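A.B. asks: Pasting a structure below so you can have a look.
The values are calculated or read from the model by the stated rules, or taken from the named source; none is laboratory data. In this text, all values refer to a predicted model and were calculated from it rather than measured experimentally. Here Cβ is always computed from backbone atoms with ideal geometry, including for glycine, and neighbour counts include all displayed protein chains. Ligands, DNA and RNA are excluded from the accessible area calculation, which covers all protein heavy atoms including side chains. Shrake-Rupley method; radii C 1.70, N 1.55, O 1.52, S 1.80 Å.
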Amino acid sequence: MRRSLSLLTAALVVAGLAACSSSSPEPSATSTTAAASCQNLKAGDASKAVKVEGDFRKAPTVTFSTPLKATDLQRSVVITGKGAEAKAGSTVDIALAAYSGATGKELTAAAGFDDQAAQTITVDDKQYVPGLVRAVECLKVGSRVVLTGTAKEAFGNADLTQLGLKAADTVVFVADLVDLPPTRANGTPVAPKAGFPTVKLSKTGEPTITIPKADPPTQTELEVLKQGDGETVQPGDTVTVQYKGVIWRDGEMFDSSWSRGAPTSFPTTGVVAGFKKALEGQKVGSQVLVVIPPADGYGDAGNGAIKGTDTIVFVIDILKTAR
């Protein structure tokens, strides 16, 4: 779906803060330890030593004496929210800042605060680094939290060298739990067009796409299967979607956010032309089916199982958009 030669596997929260994940379109197992770990993760001397000022969703002012030393994961709740709870497997929108315990400086630019779009993750330490999951799991929307720990505990198997960290270094996360967004389109169903691929939804909302026994169109064509009433996606917006892609030639799936267990986010400028056309101008809450010939897809080079002559089909649930 992206222009990259490799298929989309998982959205990064900020540089270096997402765990490595397989490019195979197999379902990712939800963390089995989430419920137990959040009950046991408590505040301690290290997390209590981090002072955080500022309103929820506003860029925080974070101070602590350096070097801050941590030997285990600790979590202090700075602001207690009153919204829905982020449980194991939940899709959550967060704002996040990360700091070096040695210097007090940001490890990478903060994301999701002030006017920035919130970052979407899944409460699943098979997909995201353990510290990030431990920070937000079992908290309610509206909460702000501090998590401290060693880089090894916080980042798990992620590559620490890109952040200039060693396993024993202390790191600090400050996260705001912004929202629990929908995981499927909730718009009003629209009668499908004749001659288009047919779509059947499972109980979870995942589509099964059946290709008609006919030649594909020679130009990008789309239909709205559910009409949403949310914000309109503008050129260059960052969208959060669920999607499944199949090849017209044989109906085989080649990419799917559903198979990875969570929605994904990206700018409309970061996808192939046909996918971009299916997003821009549509309203949040809509489900769109788009048929994309090679010229608006991966071109003569193809991509993996997609040949240079293949037309591809996507069903896209538009869940959120942000400037």
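A.B. asks: For region 228-237, does any single residue satisfy the condition of being among the hydroxyl-bearing types (Ser, Thr, Tyr) and not in a helix (DSSP H, G or I)?
C.D. replies: yes
A.B. asks: Taking only region 62-98 into account, find how many residues are out of contact with any Ser or Thr (no Cβ under 7 Å at 6 or more places or on another chain), in a strand (DSSP E or B), modelled with pLDDT of 95 or more and of a type in the set (A, V, I, L, M).
C.D. replies: 2
This table checks each residue for (1) surrounded by fewer than 21 Cβ atoms within 10 Å (Cβ to Cβ); (2) in a loop (DSSP other than H, G, I, E, B).
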residue: Leu147; (1), (2): no, no
residue: Ala154; (1), (2): no, no
residue: Thr161; (1), (2): yes, no
residue: Pro192; (1), (2): yes, yes
residue: Val199; (1), (2): yes, no
residue: Thr204; (1), (2): yes, yes
residue: Leu222; (1), (2): yes, no
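A.B. asks: I'd like the full set of residues that are acidic (Asp, Glu) and within 26 Å of Val241 (Cβ to Cβ), limited to region 97-145. First the steps, then the outcome.
C.D. replies: Keep residues of region 97-145 that are acidic (Asp, Glu), which gives 106, 114-115, 124-125, 137.
Those that are acidic (Asp, Glu) and within 26 Å of Val241 (Cβ to Cβ): Asp114, Asp115, Asp124, Asp125, Glu137.
A.B. asks: Follow-up question, since we're still on this one. Yes or no: Lys42 surrounded by fewer than 16 Cβ atoms within 10 Å (Cβ to Cβ) and at pLDDT 95 or above?
C.D. replies: It is false that Lys42 is surrounded by fewer than 16 Cβ atoms within 10 Å (Cβ to Cβ) and at pLDDT 95 or above.
A.B. asks: Looking at Thr198, Thr210, Thr218, Thr148 in this structure, which one is β-branched (Val, Ile, Thr) and either within 30 Å of Ala102 (Cβ to Cβ) or touching a Leu at 6+ places or on another chain (Cβ under 8 Å) (or both)?
C.D. replies: When all the criteria are applied, what remains is Thr148.
A.B. asks: Hey, any hits in region 49-61 for a residue that's loosely packed, with under 15 Cβ neighbours inside 10 Å and in a loop (DSSP other than H, G, I, E, B)?
C.D. replies: Looking for residues that are loosely packed, with under 15 Cβ neighbours inside 10 Å and in a loop (DSSP other than H, G, I, E, B), one finds at least one in region 49-61, hence yes.
A.B. asks: Also, I was wondering about something else. Which residue, of Val78, Val92, Val50, is in contact with a Phe, Trp or Tyr (Cβ under 6 Å, 6 or more places away or on another chain) and touching a residue at least 60 places away in the same chain (Cβ under 8 Å)?
C.D. replies: Val50
A.B. asks: Being under 19 Å from Asp237 (Cα atoms) and among the charged types (D, E, K, R) is the filter here, so list the residues in region 276-315 that pass it.
C.D. replies: Lys276, Lys277, Glu280, Lys283 - these are the residues of region 276-315 that are under 19 Å from Asp237 (Cα atoms) and among the charged types (D, E, K, R).
A.B. asks: Look through region 229-268, keep the residues that are free of Cβ contacts under 8 Å to residues at least 40 places away in the same chain and within 16 Å of Gly297 (Cβ to Cβ), and return whichever of them is surrounded by the fewest Cβ atoms within 10 Å (Cβ to Cβ).
C.D. replies: Asp250
A.B. asks: Which of the residues spanning region 111-136 are assigned to a strand (DSSP E or B), open to solvent by less than 30 Å² (accessible area, probe 1.4 Å) and out of contact with any helix residue (DSSP H, G or I) (no Cβ under 7 Å at 6 or more places or on another chain)?
C.D. replies: Passing the criteria: Ala111, Thr120, Thr122.
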